[in-house]
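Shown next, in structure tokens, is the structure this report addresses.
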Amino acid sequence: MNKLRRKSLQDIINQLEDLKDSLEDIQSEEEEYRDNMPENLQGSERYEKADEACDNLSDAVSSLEDAITSIEAAIE
């Protein structure tokens, strides 16, 4: 792989890492929201939706981590 393509891929990695950081921030906020719900709302539909959102955000973060790892392997 030539230097130009490596540079382009590194730029993409940097963008993906920024996106991953943003997703992790949102995930953390959603987890805090879910964890601070009053006891009478735990188990409610609103709690379940927040919990599902946390799971989906976690999956998205993992997918970005996998993409970053794959691109890094391509650069090597």
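The values are calculated or read from the model by the stated rules, or taken from the named source; none is laboratory data. Keep in mind it's a predicted model, so treat the numbers as computed, not measured. So basically every Cβ, Gly included, is an ideal-geometry build from the backbone, and we count neighbours across all protein chains shown.
Quick notes on this one:
- Any hit, the stretch 39-51, residues being assigned to a helix (DSSP H, G or I) and under 11 Å from the mean Cα position of the chain (by Cα): no
- Pairs where the first residue, in the stretch 16-33, is within 12 Å of D55 (Cα to Cα) and at pLDDT 95 or above and the second is surrounded by 13 or more Cβ atoms within 10 Å (Cβ to Cβ) and hydroxyl-bearing (S, T, Y), C-beta under 8 Å, 6+ apart: Q27/S58
- Only residues that are farther than 19 Å from D11 by Cβ, touching a residue at least 24 places away in the same chain (Cβ under 8 Å) and not aliphatic (A, V, I, L, M) were counted across the stretch 53-70, and they come to 2.
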